[in-house]
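Q: Supplied in structure tokens, the structure appears directly below.
Laboratory data are not the source of any read-out in this text; all were calculated from the coordinates shown. Keep in mind that what you see is a predicted model, and the values were worked out from it rather than measured. FYI the Cβ positions are ideal-geometry reconstructions off the backbone, even for glycines, and counts take in every protein chain you see.
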Amino acid sequence: MSSLEPAAPTQALRSRQAQPVHVARPAEPVPSSMAVFKPEMLQMAEALAKAGTELLPKAFVNNVGGCLMAIDWSIRYNVAIFEVLGGVSFRNGRATPDARMQKKLASRSGYLTRKIAGDEKSCTVAVYGPDGKEVNGDGNGRFTYTIAIAEALGLTRQNALYGKDPAVMLYHRATTRALDQYGPSE
């Protein structure tokens, strides 16, 4: 037999597609925060934290931990990092997306919000599901946020925007509360 001739197979040829595929699974589930983290994320967070106030909101300047959480959140929810930096607050290790970010994420599941009524004293927002109908029907998929609620929670003292533009602030609060109660669970 010459070196150019193939050797006769000793076993019958089988398709790899016909063979079962065995995937190794960990003994215990890996927490999602650990599943996403990569060491290079820490380097990215350190560089981002040094970017300064021209690029970052004050809460993230020189805050490597906050930037790391923002990067993780960005990857986890498939949102651009600068959208996260501008639209998500991190307090005590907990992410708090603003109304615009919540609307964006809810719309991915087919949920929309609409302002039903509003002024400087109150705002009502309704949530509509993927079928285009108001969630819970009969006006039950709505939330009304009032200036009295904001005052009782001390928000009007903490946030100057309530004095400058209360209608917008009430709209954002009504939106987040409506989505919290009637939006998608994710």
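Q: Please state the shape class of region 74-130: rounded when a/c is under 1.5, otherwise prolate if a/b exceeds b/c and oblate if not, all from the C-alpha gyration tensor. List each step's numbers first, then the result.
A: Values: a/c = 2.72, a/b = 1.50, b/c = 1.81.
Oblate.
Q: Here's something else I'd like to know. With the Cα gyration tensor of region 118-186 in hand, convert its eigenvalues to equivalent ellipsoid semi-axes via √(5λ) and list them largest first in whole Å. Kindly include the intermediate steps, with their values, before the conclusion.
A: Values: eigenvalues 126, 25, 18 Å².
The equivalent ellipsoid of region 118-186 has semi-axes of 25, 11, 9 Å.
Q: Here's something else I'd like to know. Residue 89 versus residue 40, label points 7 Å from Cα toward the beta carbon: distance in nm?
A: 3.3 nm
Q: Applying 1/(1 + (r/R0)^6) with R0 = 30 Å to the Cβ-Cβ distance of residue 140 and residue 58, what FRET efficiency is obtained, to the nearest 0.05? Display every interim value, and only then the final one.
A: On the way: r = 40 Å, r/R0 = 1.33.
Efficiency for this residue pair is about 0.15.
Q: Then there's this: Listed here are the pairs 50/164; 50/104; 58/121; 58/164; which of them are more than 25 Å apart at the Cα? List each step's numbers first, then the result.
A: Details: 50/164 32 Å; 50/104 28 Å; 58/121 30 Å; 58/164 21 Å.
Beyond 25 Å: 50/164; 50/104; 58/121.
Q: Rounded to two decimals, what is Rg over Rh for region 56-186 when you use alpha-carbon atoms and the Kirkwood radius? Write down the numbers at each step before the final one.
A: On the way: Rg = 15.7 Å, Rh = 15.7 Å.
Rg divided by Rh gives 1.00.
Q: Could you calculate the FRET efficiency of residue 112 with residue 81 from 1/(1 + (r/R0)^6), where r is the beta carbon distance between them and R0 is 35 Å, rounded to 0.05?
A: 0.85
Q: Taking only the Cα atoms of region 54-93, how large is their convex hull per residue, in Å³?
A: On the way: hull volume 2.5 nm³, N = 40.
So the per-residue hull volume is 62 Å³.
Q: Please sort by residue number the trypsin sites (Lys or Arg not before Pro) in region 82-127 whose DSSP state is loop and whose Cβ has at most 14 other Cβ atoms within 10 Å. Write down the numbers at each step before the final one.
A: Values: sites: 91, 94, 100, 103, 104, 108, 114, 115, 121; in loops: 121.
Passing sites in region 82-127 are 121.
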